[in-house]
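*Asks:* This is the structure I have questions about; it appears just below.
Read-outs: derived from the displayed coordinates by stated rules, not from any lab. Model, not experiment: these values are computed from the prediction. Note that we place each Cβ from the backbone using ideal geometry, even for glycine, and neighbour counts take in every protein chain shown.
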Amino acid sequence: MAVIRAAKETDFDSVKDITQTTIWSVYPKYYPSGAVQFFSNHHSDDRIRADIVAGILFLIEVDGTAIGTVTVADNEIKRLFVLPDFQRKGYGRELMDFAKEIIRKKHDHIILDASLPAKQIYLKRGYVTAKYNMIETENGDYLCYDVMEKHL
């Protein structure tokens, strides 16, 4: 049975491992190396620690082992990652539903940045594209992603 809870400072290594393992396992199938490195750098140790301290970062655990993470900042879902071995088993859906309920208490819509591997998941859940972005990264590579939103 899965349990979702707020991350503590002692969970930093687990959050970092989930985030980086997922990025380096999944994103190279969709993005050039400069964009993957950008994602990795974007989810820096300092940002992870700041989100833990702010109380906005959550973990999903199965049998006491952290297998996924999500950050909820105001009405934005950020850093939603599930370890590759646990993907396609409903854990990402549980994290999204959890984040939606937090957001619903104070906001009437959700926003998130959708990477290419996740975009189809968000479309199936009723999110719509609000904006398209391109960021030039190392080696002239580009990181392309959509800002998506869903009204509650």
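*Asks:* Quick one: 3J(HN,Hα) in Hz for segment 134-141, Karplus 6.51/-1.76/1.60 with θ = phi - 60°, rounded, Gly and Pro as x.
*Replies:* Result, rounded to whole Hz: 9, 10, 6, 10, 3, 6, x, 6.
*Asks:* Taking H placed 1.01 Å from N in the peptide plane, check which residues at least 5 places from Ala7 or on another chain put their amide H under 5 Å from its amide H.
*Replies:* Leu57, Phe58, Leu59
*Asks:* Tell me which residues come under 5 Å, amide H to amide H, from Ala130 once H is placed; ignore anything under 5 positions away on its chain.
*Replies:* Long-range HN contacts for Ala130: Val147, Met148, Glu149.
*Asks:* Compute the distance from the alpha-carbon center of segment 117-152 to that of segment 9-55, in whole Å.
*Replies:* Taking the Cα centre of segment 9-55 as reference, the centre of segment 117-152 is 17 Å away.
*Asks:* Okay, moving on. Before rounding to the nearest 500, sum -39500 (n - 2.57) across all DSSP H runs of length at least 4 in the chain and divide by the residue total; then give [θ] at 222 nm in deg cm²/dmol. Don't jump to the answer; show the numbers that get you there.
*Replies:* Working: 5 runs with 58 residues, N = 152.
Value at 222 nm, helices only: -11500 deg cm²/dmol.
*Asks:* Percent of Cα-Cα pairs more than 24 Å apart in the chain, please. Walk me through the numbers before you get to the answer.
*Replies:* Numbers: 3437 of 11476 pairs.
So the portion of pairs separated by more than 24 Å is 30 percent.
*Asks:* Sticking with this one: If we count every other residue with Cβ under 11 angstrom of Val36's Cβ, Lys/Arg +1 and Asp/Glu -1, where does the sum land?
*Replies:* Working: positive: Lys29; negative: Glu138, Asp141.
Taking every other residue near Val36 into account, the sum is -1.
*Asks:* How would segment 50-116 be classified by its alpha-carbon gyration tensor: rounded, prolate or oblate, with rounded meaning a/c under 1.5 and the a/b versus b/c comparison settling the rest?
*Replies:* Because a/c hits 1.5 or more and a/b exceeds b/c, segment 50-116 counts as prolate.
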